[in-house]
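Input: a single structure, listed below in structure tokens.
Rule-based calculations on the coordinates, nothing more; no lab input. Please read all numbers here as calculations on a predicted model, not as lab measurements. Every residue, glycine among them, receives a Cβ derived from its backbone with ideal geometry; neighbour counts consider all protein chains shown.
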Amino acid sequence: MASELCKTISEAKLERHKNLFLNYRNLHHFPLELLKDEGLQYLERLYMKRNSLTTLPENLAQKLPNLVELYLHSNNIVVVPEAIGSLVKLQFLDLSDNALEIVCPEIGRLRSLRHLRLANNQLKYLPAEVGDLRELQTLDISTNRLMTLPERLHMCLSLQYLTADRNHLWSVPRHLCQLPCLNELSMAGNRLDLGRSRELQYVYVDNNIHLKGLPSYLYNKVIGCSGCGSPIQVSEVKLLSFSSGQLTVFLPAEVKSIGTETDHVLPLQELAMRTLYNTYYRFLKDVNFLTPISLPKSLLELLHCPLGHCHRCSQPMFTIV
């Protein structure tokens, strides 16, 4: 195995390979052959998935100065060392499925980095310097132990996809959802609240047991959740009709609280709004249309613009998302 490894690396040096595949080699240490003499000056992509590496060499950038993509998925690396910050041309770094506990602040020096994958590790925090990654487009930090995200994360102005599922997050940095390019935010399995974004199209917040509602400005987003609830036959739903002119009648708190996390009973207000929507859907495109049932202005506006749509059946959702 060792001789085969030496042969593979020697050929890569001699023929100036840009790609080197060292996956599934049962490597416990970074191969010395990669670091001898001048290293692999022409190498751009290094694949070392599914090994048993525990650390990275300090002179990695010196020996692999033109590295653009580094794949270290499924190893036993505990710490991302300071040396990683010297890989100035690095654009893709995959450290998923390791044993990471610490990401050094020097990672913020990777100014060319576009994709960073740190999923399935033991991280409890991320360094604030992650916010210095202005070219970062994809950040996957799912399945860690994070309780907070760096406040400076909103400075990653190129960020398009942020995945932070299955952590211990209670909140999201105040300005995160104002990122100009953010298109997909996935935070299923946390305990959080959300902000707003004009570009945000997909929001996944499944299994957040403390999330009681979403902001009204997440209108018409594709919102991942437990679905719209049990199938309801419209014919079985009975409505109370009010025709009292300008009178506004507020629903009792008890009406809104019907239905809990542990059952499939939908709130009465939700059922009423869905029935109205299904009954008058073809007329709602007319902004001047008024339902025969007098509604408060806020509910009428909600009827025209639901809070979201079920990710399973696309049915509009008005109070539970």
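The table that follows gives values for the structure above.
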{"read-out": "Cβ crowding within 10 Å averaged over residues, with 47-54, 67-74 ranked highest first", "value": "67-74, 47-54"}
{"read-out": "Listed pairs K7/K49; K63/K124; K7/K89 exceeding 29 Å between Cα atoms", "value": "K63/K124"}
{"read-out": "Potential lengthening between W170 and V88 on full extension [0.36 nm per residue; Cα-Cα distance subtracted]", "value": "26.1 nm"}
{"read-out": "Size descriptor, Kirkwood hydrodynamic radius, that averages inverse alpha-carbon separations across region 12-192, Å", "value": "16.6"}
{"read-out": "Fully extended contour minus Cα-Cα distance, from Y24 to N183, at 0.36 nm per residue", "value": "53.8 nm"}
{"read-out": "Net +/- balance of residues flanking K7 in space, Cβ distance below 13 Å, scoring K and R +1, D and E -1", "value": "-2"}
{"read-out": "Length released on extending from R16 to E301, taking residue separation times 0.36 nm less the Cα-Cα span", "value": "96.2 nm"}
